[in-house]
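Novice: Structure provided below as structure tokens; questions to follow.
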Amino acid sequence: MSELLFIEGGRVIDPSGGVDGLRTVVVRDGRIAEVAERVERPREARVIDARGRWVTPGFVDLHVHLREPGQEYKETVATGARAAVAGGFTTVAAMANTSPVNDNASVTELVLARAAAAGLARVRPVGCVSRGQKGEELAEYGELKAAGCVALSDDGRPVASPALMRRALEYARAFDLPVAVHEEDPSLAGKWAMHEGAAATRMGLKGMPAQAESAMVWRDVELAELTGGRLHLQHLSTAGSVRALREAKRRGLRVTGEAAPHHLALTDEDLARAGYDTSWKMNPPLRSAEDRRAVQEALADGTIDCVATDHAPHSAVEKDLEFDAAANGIVGLETAFAVCLGLVRQGLLSERRLVEALTAAPARAFGLAAGTLAPGAPADVAVLDPAAEWRVEPERFHSKGRHSPWKGAALTGRCTHTLVDGRLVHGS
């Protein structure tokens, strides 16, 4: 007898299929069987009561750091996947800056094996652009794709050489892999601790100018036009970067972009008010209010395709230091939905666009079979309570990471149930 699950009474929002309204989602043997207004439920079916909640495709995050192999004291594939499903994410792309880095099939296969053993979120490995992430010679993209990599990135480091970046886009095109880039001109950025602006001056901290990011974005847009390659711009944070992405899309180039919840919600002045709290230190740094507004508007109108958390856990060893010396990076998987829902309540983003930016849009950017409730698709589903009020207590995170700028904050909106292949992996 087939296994049946009915998710009843919820508002189903599935931008991939143009669905938004009260529906029942029927799951049979791990796949979406039907999404309908009225459907008769057999007595033997299991039921999830979704009244007052949203039912969406499972979220897709194109940018997480799971730290395994080599830095398991910060995070493991299993703990990161557990944090993901707690936040409604059913598919996550794992960055390559592990130790050793993911520049060969053996590391890719290890990550996939750890994910299979955990049995939680789907983990899609991202391979290196360059061998050892040294920015000197290209990794073997064919080997990485064959092993299971879905994209290429030296994230954590920019691809400083324009010649190497050109070759990367050309070589990756042969395998139809997107090249996801951390945009930062090292010589222009220099040694920095936060965004260059009045707040940095008051705090006595060295700042990174916004142009250190946007100049590299413009460079790579030009190289995408030259090569015809697939370019994905990571964690965009400045108005200049937004202008470059708009121009790339106007030209019809194969360029996509993401924004992180913290860049959508916070500014350098918020950091200044928090003092020298290293839970507010990340790369790119929190920018000006003008930059934040540009990023918000670009997400709302679709110029920036999707939200990606840049979930980057560190231990107290790296973070509980002087602000200058602390590592960049915060956790984000378990707070992303609530933080972004705040933009909806402010009238900056529609509910449908928020769901699209967390589901169908990131899936399209990397060509993933995810982000949809279409009949026959794997039953990767999030059930969300948009009215749930909760206080951020990092010590209760499923992630090993504890550093969040929302520590102690009251947020609204939370995932109550997450299904992967029809299995309930979060909630009860």
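FYI, it's all coordinate maths here, none of it is from the lab. From a predicted model like this one, the values you see are computed outputs, not experimental measurements. Note: ideal-geometry Cβ built from the backbone for every residue, glycine included; neighbour counts use all protein chains shown.
Novice: Enter the Cα centre distance for the pair segment 230-288 and segment 361-418, rounded to the nearest angstrom.
Specialist: Going from one Cα centre to the other spans 20 Å.
Novice: Right, here's the next one. Ignoring everything except DSSP H segments at least 4 long, calculate the 222 nm mean residue ellipticity for the chain; use -39,500 (n - 2.57) per segment, divide by total residues, nearest 500.
Specialist: That comes out to -9000 deg cm²/dmol.
Novice: Per-residue counts of other Cβ atoms within 10 Å, averaged by peptide: what ranking do you get for 48-55, 27-34, 301-308, highest first?
Specialist: Most protected by this proxy first, the peptides run 301-308, 48-55, 27-34.
Novice: Compute the helix-to-body angle for 77-86: its Cα long axis versus the longest principal axis of the chain, expressed 0 to 90° and rounded to tens.
Specialist: 60 degrees
Novice: Taking the highest mean first, how do the peptides 92-104, 222-234 order by number of other beta carbon atoms within 10 angstrom per residue?
Specialist: Descending mean neighbour count gives 92-104, 222-234.
Novice: Quote the FRET efficiency, to the nearest 0.05, computed for residue 250 versus residue 352 with a Förster distance R0 of 25 Å and r equal to the Cβ-Cβ distance.
Specialist: With a Förster radius of 25 Å, E is 0.55.
Novice: Now for a different question. Mind ranking 181-187, 392-398 by how tightly packed they are, going by the mean number of other C-beta atoms within 10 angstrom, highest first?
Specialist: Most protected by this proxy first, the peptides run 181-187, 392-398.
Novice: Within segment 111-194, which trypsin sites (Lys or Arg not before Pro) sit in a loop by DSSP and count at most 10 neighbouring Cβ atoms inside 10 Å?
Specialist: Of the trypsin sites (Lys or Arg not before Pro), the ones in loops of segment 111-194 whose Cβ has at most 10 other Cβ atoms within 10 Å are 191.
Novice: Next question. Angle between the Cα long axis of helix 336-345 and the longest principal axis of the chain, 0 to 90 degrees, nearest 10?
Specialist: 90 degrees
Novice: Okay, next question. Considering only DSSP beta bridges where both residues belong to segment 1-160, give the percentage that are antiparallel (nearest 5).
Specialist: For segment 1-160, the DSSP antiparallel bridge percentage is about 50.
Novice: Of all DSSP beta bridges in the chain, what percent run antiparallel (nearest 5)?
Specialist: So the antiparallel bridges amount to about 50 percent of the total.
Novice: On full extension of the chain, what length is gained from residue 46 through residue 387, given 0.36 nm per residue of separation minus the C-alpha to C-alpha distance?
Specialist: Length gained between residue 46 and residue 387: 120.3 nm.
Novice: Note the count of lysine pairs whose C-alpha atoms are less than 22 angstrom apart in the chain, limited to pairs 8 or more residues apart or on different chains.
Specialist: Lysine pairs meeting both conditions in the chain amount to 16.
Novice: Using only Cα atoms and rounding to the nearest 10 degrees, what angle (0 to 90) does helix 239-250 make with the longest principal axis of the chain?
Specialist: Value to nearest ten degrees: 60.
Novice: So, one more: Express in nm, to one decimal, how much length is gained between residue 191 and residue 277 on full extension, taking 0.36 nm for each residue of separation and deducting their alpha carbon distance.
Specialist: Here the segment from residue 191 to residue 277 would lengthen by 29.1 nm.
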